[in-house]
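Working notes for the structure below.
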Amino acid sequence: MADRFHCTLVTPEEQLFDEAVSHVSVPAWDGQIGLLARRAPMLVKLGYGPLQLDLADGKSKTYFVGGGFAQMKGDQLVILTDEAMPVEDVDAKEAKAALNEALALRAIGEESAARRDRDLARARGMMAVATGS
């Protein structure tokens, strides 16, 4: 069991995942981070993109996650995110439409520029999950 650790994925609405894993790839705000057992403690801000969970039985699950934090402490990884959905629920057409809508937004002030950036990051993350890239 030394090469495994426990992972929990929680949104404000529900707990989506609570199992042993052998590897996790999280979308940090500045890029993907791979996590293995016996890792030093860390706290990372999440961005938008794929969360890949390699299960202890050799299978894997992938989710789209958007925002939040991940904390690794001991043999526990807790992922608290604003939104998460299984990859099979991400619609490529909807993701493309969201990307086009975000690209069309005009940033007039600082607040609208921040919203546009957030919407672009979310749409690009959903596209990456939907297309597997």
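The values are calculated or read from the model by the stated rules, or taken from the named source; none is laboratory data. Remember, it's a predicted structure, so these values are computed and weren't measured experimentally. FYI the Cβ positions are ideal-geometry reconstructions off the backbone, even for glycines, and counts take in every protein chain you see.
A97 falls short on exactly one of the conditions (1) crowded, with 17+ Cβ neighbours inside 10 Å; (2) over 19 Å from the mean Cα position of the chain (by Cα); (3) of a type in the set (A, V, I, L, M, F, W, C), and that condition is (1). For G125, the conditions (1) outside any helix (DSSP H, G or I); (2) in contact (Cβ under 8 Å) with a residue 40 or more places away in the chain all hold with the exception of (1). Of the strands (runs of 3 or more DSSP E) lying entirely inside region 16-94, the ones with 3 or more residues being surrounded by 15 or more Cβ atoms within 10 Å (Cβ to Cβ) and either without any contact (Cβ under 8 Å) to a residue 40 or more places away in the chain or touching an Asp or Glu at 6+ places or on another chain (Cβ under 7 Å) (or both) are found at 48-55. Answer with yes or no whether E14 is of a type in the set (D, E) and either more than 23 Å from T131 (Cβ to Cβ) or not assigned by TED's automatic domain parsing to the domain that holds A123 (or both). For E14, the condition - of a type in the set (D, E) and either more than 23 Å from T131 (Cβ to Cβ) or not assigned by TED's automatic domain parsing to the domain that holds A123 (or both) - is met.
When E83, E110, E101 are checked against the criterion of being in contact with a Lys or Arg (Cβ under 9 Å, 6 or more places away or on another chain), acidic (D, E) and farther than 21 Å from S22 by Cα, E83 stands alone in meeting it.
Go through the residues of region 50-59 one by one and say whether even a single one is in contact with a Gly (Cβ under 8 Å, 6 or more places away or on another chain) and within 16 Å of M126 (Cβ to Cβ).
Yes, that holds for at least one residue.
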